[in-house]
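The values are calculated or read from the model by the stated rules, or taken from the named source; none is laboratory data. In this text, all values refer to a predicted model and were calculated from it rather than measured experimentally. Ideal geometry is used to build each Cβ from the backbone, glycine not excepted, and the neighbour counts take in all protein chains shown. Areas reflect the complete protein model, heavy atoms only, side chains present, ligands, DNA and RNA absent. Shrake-Rupley method; radii C 1.70, N 1.55, O 1.52, S 1.80 Å.
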Amino acid sequence: GINLFNYKLHQFSNYTSDDIDNGSLSKNSVYSITKDNNGNMWLGIYGGGINLYKKSMNNFNHFKHNSSPNSLSNNFVLSIHEDRNENLWVGTDGGGLNYFDRKTGKSHQFIHHQSENSIAEDYILTLAEDEKDNLWIGTWAYGMSKFNLKTQKFTNFKLNNDNSGLSSNNVYDI
């Protein structure tokens, strides 16, 4: 679950998953939290997709993988990042990278495939943005990808046998 602190009241509120309450957390394993420019909190839930908490509503909206090709690629969300243009990026455990359109609730998926312009792998541990419009993507066992948000091109970095490149192919934080 998650505890939210109310600064005015100086107290915590606890939120957990409840099978009969559709406005509760979808699952209790919260792996990532990001606060957007509107003050909403986006939670990456392991096995529960994305949960959106709007303070004004005091409940959670769920966005999960389903049979639609525009849904989240899978429900095992490990990282969430809002870029400077207020786009939401979602890293999953085995489902690659998702661009999530907050207005429509639809996702565009970036899945690893054998081509020059592909993400390093589909196990995304962390996301970060730099000042040059690049989204940096840390993976489990496959190094790091740089995704240029303007050109939509990937560049991949790994540990090389000659000790050049990364020191490890597991990138937990950027």
What is the residue count in the range 3-19 for residues that are under 12 Å from LEU43 (Cβ atoms) and either at pLDDT below 95 or not in a strand (DSSP E or B) (or both)?
1
Just need a number here: residues in the range 85-134 that are within 14 Å of ILE174 (Cβ to Cβ) and under 12 Å from the mean Cα position of the chain (by Cα).
8
Is it the case that PHE63 is closer than 26 Å to ASP18 by Cβ, surrounded by 18 or more Cβ atoms within 10 Å (Cβ to Cβ) and under 10 Å from the mean Cα position of the chain (by Cα)?
no
Filtered residues of the range 27-55 (kept if touching a residue at least 40 places away in the same chain (Cβ under 8 Å) and small (Gly, Ala, Ser))
SER32, GLY44
Check off (1) open to solvent by 70 Å² or more (accessible area, probe 1.4 Å); (2) assigned to a strand (DSSP E or B); (3) not β-branched (Val, Ile, Thr) for TYR142 and give me the number that stays unchecked.
(2)
Selection from the range 1-35 of residues that are under 17 Å from ILE80 (Cα atoms), open to solvent by less than 30 Å² (accessible area, probe 1.4 Å) and over 13 Å from the mean Cα position of the chain (by Cα):
ILE2, LEU25, SER26
So, in the range 81-125, exactly how many residues are hydroxyl-bearing (Ser, Thr, Tyr), open to solvent by less than 10 Å² (accessible area, probe 1.4 Å) and touching a Gly at 6+ places or on another chain (Cβ under 9 Å)?
1
